[in-house]
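Take a look at the structure below.
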Amino acid sequence: MTRKTFALIAVASCVWIATSFAATIPAGTTLAVRTLNTIHSNDRVGRTFTAQLDQGVVVNGKVVLQAGTKFHGKIEASQANPRNSQPLTLNLTDVSVNGRTIPIKTVSGFQLENIAKVGRAKARGISVGSFVAPQGTQMQFRLAQPLNV
């Protein structure tokens, strides 16, 4: 066998292997994660956080993302600026798969609320004061675009 033939077979085998294990997670898929850090309602917009997948993601009967897969996200809106206080809103930004960081986009963000509402604010459904989402808080995000892993 010549070097040229060997090289061609090697490249073809690598391509076949890579495409055999590749999968696409469709847009709209829900990702259930748990935070690995504490998040405060008054954290600055842009602050990042880490989360891990709570349950595996299955596509066509095959697990394509294992439970425990790491995700990163960022705070999109918060109560950090008292003049422009907004509900704490988070989005996922990337996922780590087999040593690769893959950018992702999630829909609409996940909003956390202060469940300790008091007085008139409770009657009107308004959150009062700052609050903390402790490590381990479960959140759900939906993919805005297909994700190739």
Are any residues in the stretch 50-76 among the basic types (K, R) and more than 24 Å from T38 (Cβ to Cβ), and if so, which ones? K62
If we keep just the residues of the stretch 121-148 that are at pLDDT below 90 and of a type outside the set (G, A, S), which is least open to solvent (accessible area, probe 1.4 Å)? F131
Here is a check on your reading of the model: is L90 within 25 Å of Q145 (Cβ to Cβ), surrounded by 15 or more Cβ atoms within 10 Å (Cβ to Cβ), within 13 Å of the chain's Cα centre (by Cα) and modelled with pLDDT of 95 or more? no
In the stretch 30-86, how many are hydroxyl-bearing (S, T, Y), within 19 Å of P146 (Cα to Cα) and surrounded by fewer than 18 Cβ atoms within 10 Å (Cβ to Cβ)? 1
Do you know which residues across the stretch 102-120 are at pLDDT below 65 and surrounded by 14 or more Cβ atoms within 10 Å (Cβ to Cβ)? N114, K117
Could you pull out the residue among G99, G68 that is modelled with pLDDT of 95 or more, small (G, A, S) and out of contact with any Cys (no Cβ under 9 Å at 6 or more places or on another chain)? G68
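The values are calculated or read from the model by the stated rules, or taken from the named source; none is laboratory data. Worth saying up front: this structure is predicted, and the values here are computed from it rather than measured. For neighbour counting, all protein chains shown are included, and Cβ atoms are generated from backbone atoms with ideal geometry for every residue, glycine included. SASA here: full protein model, heavy atoms, side chains in, ligands and nucleic acids out. Shrake-Rupley method; radii C 1.70, N 1.55, O 1.52, S 1.80 Å.
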